[in-house]
Amino acid sequence: MKKLLLFFLFLSVPSAVYLYYEAAAGDEEAIVRVEGHELSVHQSPLITEETVFLPVKDIVEEAGYEVDWLPVNEEIVIYNGEREISFRVGANTARVNEENADLPSTYVSEEGSVMAEIAFFEEILKLETVWDSSSLTADLYLPREMKVNGVIESAEQYLDTPYEFGASPHTVDYFDCSSFTQRVYKENGISLPRVSRNQITAGDQVNKSEIKKGDLVFFDTEEDDTINHVAIYIDSETLLHATDTNGVDYTPYTDYWKDSYAGAARVIN
């Protein structure tokens, strides 16, 4: 073990912050992965006797957030469509959607990267975080709600796109039901087979009473015991899918669909 003196500055922060940590010996660098994707980080994690500090910007951007620096308030703001987090480096409190929250330790590295201990990602960003001290690997996973919202946002950019049966998986100029689901889940890192009757095997089978937003629901509209349609479940009254009458659109989950229901699969955990 060796004692490190860390002298940190961040952009126009007027006051320098001095911190002492017991850092792990050796030159081996830790690995940071978000949803299994290894990041090329601007600042290597700092391993201490009590915790691990990870680079904020690299991780939150990979998780779908944007990051701003507000020099007037000396604040960092992290935000997406539903969450906004603001804090000052080294402070004890953060603002999360206009409510105060305890802020785990943060600092700025000599290279100018904002670093935060693992608790920051767990408690403030609500990411599942697993630290493996033997392999020096930090794995972070998005909460299901965030993954689902990412799929819905991808799907909404194709609203009103026309329907064409047998659409190529390589075009976004038109879709059929399963090329649409294949496309929007692929944009969020989830691979699906091309056709609906195979897509039902891609995830965990879900009981009808346990379907959640973001699950895939399947239908046999011709009543021949063959799945021929797939939709994204929004709620008990709404589906998001590509149909021959509306193209890509939100539609009511009517009795027509309920009567032809053939199963559901969860591909987002």
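The values are calculated or read from the model by the stated rules, or taken from the named source; none is laboratory data. All values derive from a computational prediction rather than experimental measurement. In this analysis, Cβ positions are derived from the backbone assuming ideal geometry, glycine residues included, and neighbour counts consider all displayed protein chains.
With the condition kept exactly as written, say whether any residue in region 92-106 is at pLDDT 95 or above and closer than 24 Å to S154 by Cβ.
Checked region 92-106: at least one residue is at pLDDT 95 or above and closer than 24 Å to S154 by Cβ.
Can you give me the number of residues within region 157-183 that are free of Cβ contacts under 8 Å to residues at least 12 places away in the same chain and under 22 Å from the mean Cα position of the chain (by Cα)?
Residues in region 157-183 being free of Cβ contacts under 8 Å to residues at least 12 places away in the same chain and under 22 Å from the mean Cα position of the chain (by Cα): 1 in total.
Within region 117-149, track down each residue that is surrounded by 15 or more Cβ atoms within 10 Å (Cβ to Cβ), among the polar types (S, T, N, Q) and more than 22 Å from D102 (Cα to Cα).
Of everything in region 117-149, those that are surrounded by 15 or more Cβ atoms within 10 Å (Cβ to Cβ), among the polar types (S, T, N, Q) and more than 22 Å from D102 (Cα to Cα) turn out to be T137, N149.
Examine region 253-263 for a residue that is assigned to a helix (DSSP H, G or I), farther than 16 Å from A167 by Cβ, touching a Leu at 6+ places or on another chain (Cβ under 9 Å) and in the same structural domain as T161 (by TED's automatic domain parsing), and state whether such a residue exists.
yes
Is there a residue in region 174-181 that is part of a loop (DSSP other than H, G, I, E, B), in the same structural domain as Y250 (by TED's automatic domain parsing) and farther than 30 Å from S44 by Cα?
Looking through region 174-181, at least one residue is part of a loop (DSSP other than H, G, I, E, B), in the same structural domain as Y250 (by TED's automatic domain parsing) and farther than 30 Å from S44 by Cα.
Only one of D204, D244, D235, D220 is surrounded by 17 or more Cβ atoms within 10 Å (Cβ to Cβ), at pLDDT 95 or above and of a type in the set (D, E); which?
D220
How many of the residues in region 184-241 are closer than 13 Å to V148 by Cβ, more than 19 Å from the chain's Cα centre (by Cα) and part of a strand (DSSP E or B)?
Qualifying residue count for the region: 2.
For region 76-112, which positions are in contact (Cβ under 8 Å) with a residue 12 or more places away in the chain and more than 30 Å from V148 (Cβ to Cβ)?
Residues satisfying the conditions are R88, V89, G90, A91, S105, Y107, V108, S109, E110, E111, G112.
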